[in-house]
Amino acid sequence: MSTTKQFDVVVIGGGPGGYIAAIRAAQLGFSVACIDEAVNAKGAPALGGTCTNVGCIPSKALLQSSEHYEHAGHSFAEHGIDVAGLTLNLGQMLKRKDTVVKQNNDGILYLFKKNKVTFFHGRAAFAGAATAEGYALAVTGAANEAISAKHVIIATGSNPRELPGAPFDEKLILSNTGALAIDAVPANLGVIGAGVIGLEMGSVWRRLGAKVTVLEGLPVLLGAVDEQIAKEAGKLFAKQGLAISLGCKIGAIKAGKNNVTVEYVDAKGAAQKAVFDKLIISIGRVPNTNGLGADKAGLQLDERGFVAVDADCKTNLPNVWAVGDVVRGPMLAHKAEEEGVAVAERIAGQHGHTNFNTIPWVIYTSPEIAWVGQTEQQLKAAGIAYKSGTFPFMANGRARALGDTSGMVKFLADAVSDEILGVHIVGPMASELISEAVVAMEFKASAEDIARICHAHPSLSEATKEAALAVDKRTLNF
């Protein structure tokens, strides 16, 4: 093992929480190292974590490509664009996806060099308890290294959860990793779990020609989404041909030579059996803490394997912090980034801040679904008096011009103060439109504030203004 290299801050994990924490710590004047073991197909470093490599970035690339394909086959004619002999070059589509991923990988390496963050390509683990010099970390990988850190930020992310008896082989039984790399469009694709990953991946392969069946255990679709928005989304998915069965109890899953058989009990209690060419399992994720050396350092994990932290992301060990998917809270890349910045600033004696109440959520289906704040069912359960207002995109001029008038914007505001309590969108570009609501809520704005702001015409954002006006029952265009 080489001579011990000392740093003020060492970040374990190079995903959104980790690499952002490393950059912010370096900006604040600390000597910083980041350790990450991910590799691409050529064995080179692949910084960016699940998000960049097998999550957010590649899925959005395929969603965009598949949407172009669907538009060319079904929507262009309406615009006076006739496409003859349309064919799918799936190999090129996957190649483009891989190029987008590599551009993001390389971009993070560039940012490390720009900010003087030392990068170690390998796996890091605590070598023991803290000493006067800090924490000893062993790095194993392309080269073995011994590192000492005054502060450690754990950002090791999460892994896809397997169903008992159905391990991922990434050929027939797929996690998000395999779902992004299917080399031929399956005729019959099964998806277990109607969450973000299941719906997004199901949407990609349905657009490309697969018959997609989604089996969901919950009795309702998207239980975390505002009920009115979720029901509207469900109608639109069904219209597209995405078959979603709710209230399913999954039984045996048997992988054959070329297909997968799933036995389940449907919502009516009837035994069912389905055979799929491929099966995507998307039933959540589990924290990635194996091999971290938590026991050697005395790091406390909770009963589910998450690193136990307080509200400031402090662990039970002095100067050891944890952020992102490996701790409590939503498993969202942007949540991890905000925590990473906050922790770096706390180490510097500043007052880093992450407001869980204004973290936006997005599902990148078509139409997109986005929301921030509380849902109507949450407000009812809490006994909070509220007002609501909705505005449909079918009454929005820009949506008509785009040819996508599905969905709506919904505002929820306090019945007395008019403070915005939640904004929920299903429709075109919802992922972009939600940012206005996040800003408004962060500044404690009222629905009236949004209603009084001039919005560009014609724009989709006018639907946001109109929904805010609807809270006071004075929409102008519906």
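Just a few scattered comments:
- Neighbours of N115, meaning other residues whose beta-carbon lies under 14 angstrom from its beta-carbon, give a summed charge of +3 when Lys and Arg score +1 and Asp and Glu score -1.
- Over all pairs of different C-alpha atoms in the chain, the reciprocal of the mean inverse distance, the Kirkwood hydrodynamic radius, equals 24.1 Å.
- Violating pairs (Cα-Cα greater than 29 angstrom) within the set K150/K335; K273/K335; K60/K150: K273/K335; K60/K150
- Taking Cα atoms only, the orientation of helix 90-114 departs from the longest principal axis of the chain by about 40 degrees.
- Among A25, A395, A194 the positive-end extreme of the charge dipole of the chain (Cβ point charges): A194
- For the range 16-23, backbone phi angles converted through the Karplus equation (6.51, -1.76, 1.60; θ = phi - 60°) give residue-by-residue couplings of x, x, x, 5, 5, 4, 5, 5 Hz, Gly and Pro being listed as x.
- Beta bridges from DSSP with both residues in the chain: antiparallel share about 60 percent, rounded to the nearest 5.
- Long-range amide H partners of S446 with built H, under 5 Å: I420
- Expressed to the nearest 5 percent, the antiparallel share of DSSP beta bridges inside the range 10-128 is 10 percent.
- Taking every protein chain into account, the accessible area of the range 105-237 amounts to 41 square angstrom per residue (probe 1.4 Å).
- About the Cα centre, charge dipole magnitude for the range 23-139 (Lys/Arg +1, Asp/Glu -1 at Cβ), debye: 480
- Cα-centred dipole magnitude for the range 261-380, charges only on beta-carbon of K, R (+1) and D, E (-1), debye, nearest 20: 200
- Each residue of the range 468-478 was assigned a 3J(HN,Hα) from its phi angle through the Karplus expression (A = 6.51, B = -1.76, C = 1.60, θ = phi - 60°), giving 5, 5, 5, 4, 9, 6, 9, 4, 9, 10, 8 Hz with x at Gly and Pro.
- Cα gyration tensor shape of the range 1-148, rounded if a/c is under 1.5, else prolate or oblate by comparing a/b with b/c: prolate
- Residues whose amide H falls under 5 Å from that of G352, counting only those 5 or more places apart or on a different chain, are R346, with hydrogens built in the peptide plane.
- Positive contributions from Lys and Arg (+1) and negative ones from Asp and Glu (-1), summed over other residues with Cβ under 13 Å from the Cβ of A399, come out at -2.
- Between 0 and 90°, nearest 10: helix 430-442 axis offset from the chain longest Cα axis: 70
- Here's how it looks for Y386: its modeled amide H is under 5 Å from those of A415, which are all 5 or more places away or on a different chain.
- Whole-number percent relative contact order across the range 255-318, with pairs defined as alpha carbons under 8 Å at least 6 apart: 19
- The long axis of helix 227-240 is offset from the longest Cα principal axis of the chain by roughly 70 degrees.
- Three-way shape label, the range 321-453, alpha-carbon gyration tensor, a/c 1.5: prolate
- The chain, dipole about Cα centre (Lys/Arg Cβ +1, Asp/Glu Cβ -1), debye to the nearest 20: 820
- For the range 86-144, Kirkwood radius (reciprocal of mean inverse C-alpha pair distance, Å): 15.0
- Signed unit charges on C-beta, dipole axis of the chain, positive-most listed residue Y364, A252, G352: A252
- Karplus-derived 3J(HN,Hα) values for the range 320-330, using 6.51 cos²θ - 1.76 cosθ + 1.60 with θ = phi - 60°, are 10, 10, 8, 9, x, 5, 7, 10, 4, x, x Hz; glycine and proline are entered as x.
The values are calculated or read from the model by the stated rules, or taken from the named source; none is laboratory data. These figures come from a predicted structure and were not determined experimentally. Heads up, the Cβs are rebuilt from the backbone with ideal geometry, glycines too, and the neighbour counts pull from every protein chain shown. Areas reflect the complete protein model, heavy atoms only, side chains present, ligands, DNA and RNA absent. Shrake-Rupley method; radii C 1.70, N 1.55, O 1.52, S 1.80 Å.
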